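Please treat every number below as a calculation from the coordinates, not as lab data. Everything numeric here is computed off the predicted structure, so don't read it as measured data. In this analysis, Cβ positions are derived from the backbone assuming ideal geometry, glycine residues included, and neighbour counts consider all displayed protein chains.
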């Protein structure tokens, strides 16, 4: 840098050198702690006398801008850089409508903050104490030994090919006809859903979904400027009369449904209902986004094939899968299984957004699945989550005045309270160190004010018991 | 599932059982290879005779829908599922304008396909043979031992905190005033750029950038529906007269610049030019997106501080950093350094899109940086890339009839040819097993038809020599 200094030979030279270096330091051009080149070198480069450089360096040292380390050289001090600070953008006023909406819909930013010591029923993520990281280490070392540096360079937007092939086979074993389909690997369900919505809908299009439904999906529909049409599915699953009426009356562009371990109700849609749903949507030529994000919980109870299996060779179902809710959410791996032509389009959108999902993670994930780590893990956790679920149900029945509760063995339970506002209840429980998710965030209308979701996967049995007892006490206090 | 079969006792029972199971198999409800429950159990569950169940199973076996494994049970065959295939969506007509644009701008989909044996000057990714995966293994094992399962569960949208702190310090050492700033970790530069554009611009806004510039950035500006205003920077860097004129005439919402190792010219903007650029944009209150994606190549030559360092405590610069081009592109780690208030907004956008970047990757990456792996690696590669660059320049001068070439030590060289169309040249070279990137994709207007970019980082010296010789021969053939 310093050799760029232009010297005006008509003016005092050492002052010019001093001023220029000072400016560079103050403006951040010469980083803190960096070493100035030696006085000998600089003088020869600039073709000036060495004593001029020494004088300049001394002046800088006096002002505390540089310091000398004996025998090592002259270094830039950790001075605070001076700036005029005239320009200040108020970023909260400069952000786009889209970004402002993302902030407003970001429930983490609006919810009651809580301490780590609280009993939190908010999370529906797996209990990480159950992860087997020895298996993971083995998977990592195996895959690095086998594939080496290839895993560290750019991969393909569609995903790591061996993982795609594994998942195609995995889906085929669920009864899915994969010959006309393909897979795109995504950073989890969330990215998959966002890419699908951006790729098959336009601003203002209508989308149909269950009411209530997964909050993240609702958020993404709103961020993609869609008009959300909810179909009630509270106590007895989807109301098909309502569905048929809604379909007849509206011009619907796409549908979003969670047939297995529906979030937040935990319900598993029966085979008959899946077929009825599929045929109704097919009648109106409405593509179905099937959320399989909890499909893998099938290991906790009976298996029912996804709607994409029912669709056979037909190509109207876009299935989004993920193992996040039971396995390694931190790795952010999900997949979209859809018609081959559609996947080609989704691939270009994925590439434009972040090129591809981490190849290393995909390879580790595949190795873990292939070695049977996933199956062993699911066997181990099955009993643990089932026991927690049974105890939670028992405690709710005993302590909480509810209208109905979901009973399927999911990692969460939706409770419809008896004339109690769940946000009022939450405020009281918060004071006693217990938090949960108020159910209103899952609803497409204002029906959810008396509902709440309890996620228990990361809590101990003692915490579940204590937490639900407190919620029950506060609910009864509210009734009085 | 099977226990759900409803039996009409007025009709033949075994036929009902057979039909129902057949339907379940054909519709995918019973997955291939899955085991039917025993005839004894099913008969007791349905309260029908065991012989009725046996008859049903036999009929299924005759039709090849199930097979019996002696002593193990009855299993669903790998039959092809029958579907009526009445419903077929033409997905290419159903995709959104946004997705269609992503496909059209996806250069990988339109470029000439080439064999693996070709000499390809297309890539500007690092040579993965230079990666030290022993260091990486150590980093992985260290971080898993230290942090364990936490790394595998959900993390924070903003990023892995120890990595954020490391990078804040890293940026401070580049002379950046970080006290009023914060960092968001992204899936590489591409995601960072997309999130920033979506967060600070509206459809139709004008954005100013260098012409030519990074093709991915141009693609993202188009996908975010921006109106692109290019400022020429071919031979001598930014034309500041043109810049001032453009700024005076247009209402510009944001600016995008690549001061270090500009893509595709490879140019490093001088300190003076950085200051001039900053002050001009500041005058019009235009936020600057500074692309630092190649900043780390500084190790290949002199260090010049990023514009965000020049801005001091002012908050108008949004810096997007990445180590992808020298280190582990497959891991997709980048970061946005910006005003604290803005990062809060970007964080919500990031959360809405994919929750967060892989925690495991972030932790491995941090461990690798902390242990000095990065520094050792950069020392090792420096000489290698420098040598390749020197040879490439020498060969170009000898063989290719050019108007000008970029000479900075980047991993790529832009060549402006002498009255030759680079796509015509590419077609000829392709026939001889050599490919490169035609320069037009980097231009905001039609000026780039006579330019091409040569990326040489992944080629051997022999390949560089051979490839450039062929390009030169074909260029001279075109002139004749």
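Sort B:171, A:331 so that the residue with the fewest other Cβ atoms within 10 Å of its own Cβ comes first and the one with the most comes last. Before the final figure, lay out the partial values.
Values: B:171 23, A:331 26.
So the residues, fewest neighbours to most, are B:171, A:331.
Quick one: if the Förster radius is 45 Å, what FRET efficiency do residue A:38 and residue B:283 give, using the C-beta to C-beta distance and rounding to 0.05?
Efficiency at R0 = 45 Å is approximately 0.70.
Enter the angle in degrees (range 0 to 90, nearest 10) between the Cα long axis of helix B:188-200 and the first principal axis of the Cα atoms of chain B, meaning the one along which they spread out most.
Long axis of B:188-200 versus the principal axis of chain B: about 80 degrees.
Shape verdict for the stretch A:2-76, please, from the Cα gyration tensor: rounded (a/c under 1.5), prolate (a/b greater than b/c) or oblate. Before the final figure, lay out the partial values.
Values: a/c = 1.64, a/b = 1.33, b/c = 1.23.
Because a/c hits 1.5 or more and a/b exceeds b/c, the stretch A:2-76 counts as prolate.
Kirkwood hydrodynamic radius, the protein assembly as shown, all distinct C-alpha pairs: what's the number in Å? Mind dumping the intermediate values first?
Numbers: mean 1/r = 0.0325 Å⁻¹.
With all distinct Cα pairs of the protein assembly as shown included, I get 30.8 Å.
For chain A, find the longest principal axis of its Cα atoms and tell me its angle to the long axis of helix A:50-62, 0 to 90°, nearest 10.
50
Kindly work out what percent of the DSSP beta bridges joining two residues of the protein assembly as shown are antiparallel, to the nearest 5.
On the way: 50 of 90 bridges.
Looking only at bridges with both residues in the protein assembly as shown, the antiparallel portion is about 55 percent.
How much of the pair distance distribution for chain B lies past 45 Å, counting alpha-carbon pairs only, in percent?
Details: 36499 of 114960 pairs.
Above the 45 Å cut-off, chain B has 32 percent of its Cα pairs.
How far apart, in nanometres, would the label points at residue A:427 and residue B:250 be if each is projected 7 angstrom from Cα along the Cα-to-Cβ direction?
Once both label points are built, they end up 5.1 nm from each other.
How would B:210, B:61, B:115, A:177 line up from fewest to most surrounding beta-carbon atoms within 10 angstrom?
B:115, B:61, A:177, B:210
Across peptide B:176-189, what mean number of C-beta atoms from other chains lies inside 10 Å of a residue's C-beta?
Values: counts 4, 6, 0, 1, 2, 0, 0, 0, 0, 0, 1, 9, 5, 2.
Whole-number average of other-chain Cβ neighbours for B:176-189 is 2.
Between residue A:173 and residue B:138, how many nm apart are label points set 7 Å from Cα along the C-beta direction?
3.9
Just want the ordering: B:34, A:88, B:352, from fewest to most Cβ atoms lying within 10 Å of their own Cβ. Intermediate results must be reported in sequence, preceding the final value.
On the way: B:34 17, A:88 12, B:352 24.
With the fewest neighbours first, B:34, A:88, B:352 line up as A:88, B:34, B:352.
Within the stretch B:449-480, what residues put their amide N at less than 12 Å from the label point 7 Å along the Cα-to-Cβ vector of residue B:403?
Of the residues in the stretch B:449-480, B:449-452 have backbone N under 12 Å from the label point off residue B:403.
Show that you can apply the helix-only estimate: for the protein assembly as shown, add -39,500 (n - 2.57) for every DSSP H stretch of four or more residues, divide by all residues, and state [θ] at 222 nm to the nearest 500.
Computed mean residue ellipticity for the protein assembly as shown: -13500 deg cm²/dmol.
Once the Cβ-Cβ distance between residue A:97 and residue B:51 is put in as r, and R0 is 60 Å, what FRET efficiency do you end up with, to the nearest 0.05?
Numbers: r = 69 Å, r/R0 = 1.15.
Rounded to the nearest 0.05, the efficiency is 0.30.
Measuring label to label, 7 Å along Cα→Cβ, what does residue B:397 give against each other copy in nm, shortest first?
Ordered by increasing distance: 8.7 nm.
Would the stretch B:131-371 count as rounded, prolate or oblate if I go by the C-alpha gyration tensor, calling it rounded below 1.5 in a/c and otherwise prolate when a/b exceeds b/c, oblate otherwise?
Values: a/c = 2.00, a/b = 1.63, b/c = 1.23.
Verdict is prolate for the stretch B:131-371.
Subtracting the Cα-Cα distance from 0.36 nm times the residue separation, let me have the gained length for residue A:371 to residue A:68 in nm, one decimal. Display every interim value, and only then the final one.
Details: separation 303, 0.36 × 303 = 109.08 nm, distance 5.87 nm.
Length gained, residue A:371 through residue A:68: 103.2 nm.
State, to one decimal in nm and shortest first, how far the label point of residue B:77 sits from each corresponding label point in the other identical copies (label point: 7 angstrom along Cα-to-Cβ).
8.7
Which distances, in nm and shortest first, link the residue B:170 label point to the same label point in every other copy, taking 7 Å along Cα→Cβ?
3.1
Using only Cα atoms and rounding to the nearest 10 degrees, what angle (0 to 90) does helix B:13-26 make with the longest principal axis of chain B?
10
Mind checking the mean number of beta-carbon atoms from other chains within 10 Å of the Cβ atoms in B:96-108?
On the way: counts 12, 2, 8, 12, 3, 3, 12, 9, 1, 3, 8, 1, 5.
For this peptide, the per-residue mean of nearby foreign Cβ atoms is 6.
Restricting the count to DSSP beta bridges whose residues both fall in the stretch B:131-371, what percent are antiparallel, rounded to a multiple of 5? Before the final figure, lay out the partial values.
Details: 10 of 28 bridges.
If we restrict to bridges inside the stretch B:131-371, about 35 percent are antiparallel.
If r is the Cβ-Cβ distance from residue B:387 to residue B:86 and R0 is 60 Å, what FRET efficiency results, to the nearest 0.05?
On the way: r = 64 Å, r/R0 = 1.06.
After rounding, the FRET efficiency stands at 0.40.
Subtracting the Cα-Cα distance from 0.36 nm times the residue separation, let me have the gained length for residue B:165 to residue B:473 in nm, one decimal.
Additional length available on full extension: 105.7 nm.
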